[in-house]
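Note sheet for the following structure.
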Amino acid sequence: MRAVIAESYERIHRSNLIGMGVLPLQFANGENRESLGLTGEEVFEITGLGGDRIAREIEVKAKSSDGSDKTFTATVRIDTPGEAEYYRHGGILQYVLRSLLST
């Protein structure tokens, strides 16, 4: 799993996801899986994650088995510079190990 999309996050759950290298995404206000017609069986494609700077909003495409696609915008819930560093390294464990190796 590379990302989780939810309507909202408690801080600790969001931070735990980042610590494991999982990207926390949040539906736009007023949107949720029901309003977008998502069943949970789609294959998701997330674009806009490349580069040094983490985008605040990204595009998500949900591809259904029947061939239909739905595209929507999600908010990236990486809220602090420290969380961004953990995510860039693939999680807190990889961050700490790389830090130890570089000293």
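Throughout, read-outs are computed from the coordinates displayed, never taken from laboratory work. Since the model is a prediction, treat every value here as computed from it, not as a measurement. FYI the Cβ positions are ideal-geometry reconstructions off the backbone, even for glycines, and counts take in every protein chain you see.
Within the range 3-101, antiparallel bridges make up roughly 80 percent of the DSSP beta bridges whose residues both belong there. Expressed per residue, the C-alpha convex hull volume of the range 50-103 stands at 111 Å³. The distance separating the Cα centre of the range 32-60 from that of the range 10-26 comes to 15 Å.
Between 65, 13, 93, the Cα set farthest toward the positive side of the dipole of the chain (charges on each charged residue's Cβ, about the Cα centre) is that of 93. Against the chain, whose longest principal axis is taken from its Cα atoms, helix 92-101 shows a tilt of about 30°. For the range 1-73, the fraction of C-alpha pairs more than 17 angstrom apart is 47%. Under the simplified labelling scheme, the residue 12-residue 88 pair shows an inter-label distance of 2.9 nm, with each label point 7 Å from Cα along Cα→Cβ. In a DSSP loop and with at most 13 other Cβ atoms within 10 Å, the GluC sites (Glu not before Pro) in the chain are 7, 10, 41. The label-point distance for residue 55 and residue 20, in a model that sets each label 7 Å from Cα toward Cβ, rounds to 2.5 nm.
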